[in-house]
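What follows is a short report on a single structure.
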Amino acid sequence: MRTFSAITSRRPFTLLGFGLALLVIVAFILVALNASAANNSPQMTVVYATRDLKPRIPVTADSLSTKAIQVPASYPRIYFTNVADVQGMIPLVGINSGQAITANDVAKPSQALGSQSEYLPIPRGYVAMTIPTSEQVGVADYIQPGDYISVIATVSTTGKIATKTIFTQLHVIKVGTQAATGGTNATSLTIVVTQCQAEIIAWFQPNASLKYTLESYHDYAPGDQAPDPNCQSVADAHGVTLQFIKTSFPGLF
């Protein structure tokens, strides 16, 4: 009886041991299967960032490269395989160096909307300003983004009329159109100026007649614009008066 009782009392522990061993075997099999599936996953050459990429700043080719990674066969193909396909696109989120770039991370400039859209190409120390235009004022709509224009002011005072070029080499970065009325003529130009220049143009707009000339592309100077030593930031603009205009543009009055 003792022997039978002892065997009976040990049976639960024996069954528990068998159960644990079975669980270990099953877990080992699952791990082996997962490892085998991972090893059998196809390799894919994808585009990745070679340095940290910030949102809203267009991606350049020198910040991209390619590498091979393993991708599960069932994984959706959202990676890029060619650097040229990503170059010029706009990151919607921060992308870390070494990270493979997916279609959810970037967008074409025309598709990046709202707060995620591309930064305007404004050099340090400058601002963007929109000025009105028309066919007669703006060279019959030949002015396009990337062009450089000059601004002519015509002033009429005390029966006298004078005309003078007040600015040259103003970079046009956007051209607006009157799409709401179905027209195709440009209605505005967005230009890059210093804040001091912006104040002067704002003074001339109600007090003079302005026209633009399109400069020859041979005369363009599209290199990086250094801050104007006379107006290095928006804080250097202190307002414009008639006396300031007379002093700055002699011959107009």
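Taking the residues in segment 128-155 that are among the aliphatic types (A, V, I, L, M) and part of a helix (DSSP H, G or I) as candidates, determine which candidate is surrounded by the most Cβ atoms within 10 Å (Cβ to Cβ). Don't jump to the end; show me each part of the working.
Looking only at segment 128-155, we keep the residues that are among the aliphatic types (A, V, I, L, M), and these are 128-129, 131, 137, 139-140, 143, 149, 151-153, 155.
Filter again for part of a helix (DSSP H, G or I), leaving 139-140.
Values: Val139: 16, Ala140: 12.
Going through the qualifying residues, I end up with Val139.
If the Cβ limit is 9 Å and pairs must be 6+ apart or interchain, which residue in segment 154-166 that is farther than 15 Å from Val137 by Cα pairs with which residue that is part of a strand (DSSP E or B) and of a type in the set (Lys, Arg)?
Listed pairs, sorted by first residue: Val155/Lys164.
Taking the condition surrounded by 10 or more Cβ atoms within 10 Å (Cβ to Cβ), assigned to a strand (DSSP E or B) and over 26 Å from the mean Cα position of the chain (by Cα), does Lys246 pass? Even if it seems obvious, please write down each step before you answer.
On the way: surrounded by 10 or more Cβ atoms within 10 Å (Cβ to Cβ): yes; assigned to a strand (DSSP E or B): no; over 26 Å from the mean Cα position of the chain (by Cα): yes.
Here the answer is no, as Lys246 does not meet what is asked.
Before we move on, is Ala208 at pLDDT 90 or above and closer than 23 Å to Gly251 by Cβ? So that I can check it myself, show each step before the final result.
Working: at pLDDT 90 or above: yes; closer than 23 Å to Gly251 by Cβ: yes.
Yes; evaluated as a whole, the condition is true for this residue.
Let's see how each residue does on (1) farther than 14 Å from Val127 by Cα; (2) crowded, with 16+ Cβ neighbours inside 10 Å:
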residue	(1), (2)
Ile191	no, yes
Tyr212	yes, yes
Ser216	yes, no
Asp228	no, yes
His238	yes, no
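Being farther than 23 Å from Ala140 by Cα and either touching a Lys or Arg at 6+ places or on another chain (Cβ under 8 Å) or buried (at least 16 other Cβ atoms within 10 Å of the Cβ) (or both) is the filter here; which residues of segment 194-210 pass it?
Thr194, Gln195, Cys196, Gln197, Ala198, Glu199, Ile200, Trp203, listed by residue number.
Pick out the one residue from Ala128, Ala107, Ala208 that is free of Cβ contacts under 8 Å to residues at least 60 places away in the same chain and within 29 Å of Gly88 (Cα to Cα).
Working: Ala128 fails: free of Cβ contacts under 8 Å to residues at least 60 places away in the same chain; Ala208 fails: within 29 Å of Gly88 (Cα to Cα).
From the options Ala128, Ala107, Ala208, the qualifying one is Ala107.
When segment 219-243 is examined, which residues are found to be of a type outside the set (S, T, N, Q), part of a helix (DSSP H, G or I) and over 25 Å from Gln136 (Cβ atoms)? Steps first, answer last, please.
Our first condition is that a residue be of a type outside the set (S, T, N, Q); within segment 219-243, this holds for 219-224, 226-229, 231, 234-240, 242.
Remaining after also requiring part of a helix (DSSP H, G or I): 219, 234-236, 242.
Correct list: Val234, Ala235, Asp236, Leu242.
Could you tell me how many of the residues in segment 221-240 are at pLDDT 85 or above and farther than 15 Å from Ile201 by Cβ? Show your work before the answer.
Step one: filter segment 221-240 for residues at pLDDT 85 or above, giving 228-240.
When the remaining residues are screened for being farther than 15 Å from Ile201 by Cβ, the result is 229-230, 232-233, 235-236, 238.
So the count comes out to 7.
The values are calculated or read from the model by the stated rules, or taken from the named source; none is laboratory data. The shown structure was predicted, so the numbers you read here are calculated from the model rather than taken from an experiment. Virtual Cβ from ideal backbone geometry, glycine too; neighbours counted across all protein chains shown.
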